1. Taking amide hydrogens as modeled 1.01 Å from N in the peptide plane, which residues meet the under 5 Å criterion relative to Met46, leaving out close sequence neighbours?
2. Which whole-angstrom value gives the distance between the alpha carbon centres of the range 99-152 and the range 16-61?
3. For the residues Val198, Val14, what sequence is obtained by ranking on other C-beta atoms within 10 Å, fewest first?
4. What percent do you get for the relative contact order of the range 13-246 when only Cα pairs under 8 Å and 6+ apart count?
5. Taking 21 Å as the cut-off for C-alpha to C-alpha distance, list the pairs among Lys132/Lys193; Lys257/Lys291; Lys210/Lys291; Lys264/Lys291; Lys132/Lys161 that go past it.
6. I need the shape label for the range 251-316. Rule: rounded when a/c is under 1.5, else prolate if a/b > b/c, else oblate, with a, b, c from the alpha carbon gyration tensor.
7. On a full-extension model of 0.36 nm per residue, what is the gain between Ala82 and Asp317, subtracting their alpha-carbon distance, rounded to one decimal in nm?
8. About the Cα centre of the range 256-321, what is the dipole size in debye to 20, counting +1 per Lys and Arg Cβ and -1 per Asp and Glu Cβ, all else neutral?
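Each value in this text was obtained by applying a stated rule to the coordinates, not by laboratory testing. Only a predicted model underlies this, so the values are computations on that prediction, with no experimental measurement involved. With ideal geometry, Cβ positions are generated from the backbone for all residues, glycine too; neighbour counts draw on all protein chains shown.
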Amino acid sequence: MAILDWKTLPRPIVALSPMADMTDSAFCRVVKAVTGETPLIMFREMVSSEAVIRGNDKTLGMAAIHDDERPLVQQLFGSDPATMAEATRIIEAEHHPEGFDVNMGCPVYKIVSNFNGAALMKEPERAAAIVKAMRSVTSVPISVKIRLGWSDPTDAITFAKVLEDAGVDLLTVHGRTRMQGYSGVADWEAVGKVKQAVSIPVLCNGDVHKAELIQTAIDISSCDGVLIARGALGNPWIFKQFKEIAAGKTPEPVTLKERIRVVKMHLALHLEQYGPESVTTFRKHMSWYFKGLPHVKSHREKMMTVKTREEIEAVLDEILVTL
Ligand SMILES: Cc1cc2nc3c(=O)[nH]c(=O)nc-3n(C[C@H](O)[C@H](O)[C@H](O)COP(=O)(O)O)c2cc1C
């Protein structure tokens with residue numbers, strides 16, 4: 001198990017943001033394989049603390065970590081401090097993630113209506129109690145992912161201080177409120193005000209869709225780094241591109257040949273994780289990988305109806321031949 005220390009990690013910290021159904025083990029392995037040696041941190045998709053303590057095998061399996069993915073932070077959601085602590089203890093004993101993250105930013109109704117996700121921003125005492133309860137069962141870093149607020153974009157300033165006092169090691173702030181959902185644009189300046197209010201490291205999140213925007217988001221927010229979500233879907237090269245930009249090079253566009261090589265690698269890892277019947281759940285990744293590419297337009301419909309590995313590979317080979 002690698003050691004994760006948010007304070008001493010080289011700056012800027014550039015990490016993969018947790019995404020339900022997306023940042024599973026297979027995708028994290030692809031991102032790592034494409035990026036190469038670097039202290040790139042993966043945030044695994046959220047898992048339900050209640051499901052973990054009920055002994056739900058599927059949920060616990062989602063938290064499994066392949067060595068290639070480390071260092072990896074497992075995100076949990078829940079609203080009961082004792083349940084969150086017990087889930088932390090179980091996952092740590094089983095899978096040894098390098099850190100835990102608490103979801104206090106998810107805006108989805110199903111989550112907030114149960115006082116989870118962004119709803120915790122309305123309950124600072126409960127949020128602090130969750131962090132303290134988790135702290136009592138683990139010594140690995142605990143981070144929290146929040147939004148700017150529920151509806152007021154300055155809420156996060158006081159909320160972040162509460163979390164810092166509760167012992168949080170790192171905060172990520174998505175530059176939108178819960179009420180905004182995904183509308184408008186992420187406000188990196190407002191994220192910067194949260195950064196100024198605390199002395200723990202803060203990551204800026206929201207709308208960092210291209211490698212070229214990573215440094216801009218850091219400059220505007222003065223944060224310690226960024227967490228990238230949608231910008232990595234269909235584009236696991238974003239982290240490698242940033243390394244190239246930081247080294248003063250201009251990244252080459254990803255060729256179709258390289259894209260197809262990586263899609264095939266991702267498919268193989270997806271099938272290894274979920275079994276041979278799981279081709280249908282890979283289609284979502286296919287649409288991201290080929291989004292907006294004009295020369296594959298005619299193959300798009302086939303991509304969305306494939307049922308077997310052979311069918312997917314045949315479509316991919318057809319695309320290559322038409323080059
Ligand atoms: C498909 C999808 C699933 C997501 N699942 C999670 C999640 O499990 N936990 C979380 O904290 N945020 C989740 N998010 C939010 C992202 O981590 C991120 O905060 C948000 O998309 C803004 O960043 P971006 O503009 O880089 O996409 C999800 C976002 C997407 C698009």
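1. Met19, Ala20
2. After rounding, the separation between the Cα centres reads 18 Å.
3. Ranking Val198, Val14 by Cβ neighbours within 10 Å, fewest first, gives Val198, Val14.
4. Working: 506 pairs, mean separation 39.9, N = 234.
Reported relative contact order: 17 percent.
5. Violating the 21 Å limit, Cα to Cα: Lys132/Lys193.
6. It comes out oblate by the Cα gyration axes.
7. Working: separation 235, 0.36 × 235 = 84.60 nm, distance 5.14 nm.
Result: 79.5 nm gained on full extension.
8. Numbers: 12 positive and 9 negative charges, 66 e Å.
With Lys and Arg at +1 and Asp and Glu at -1, about 320 debye.
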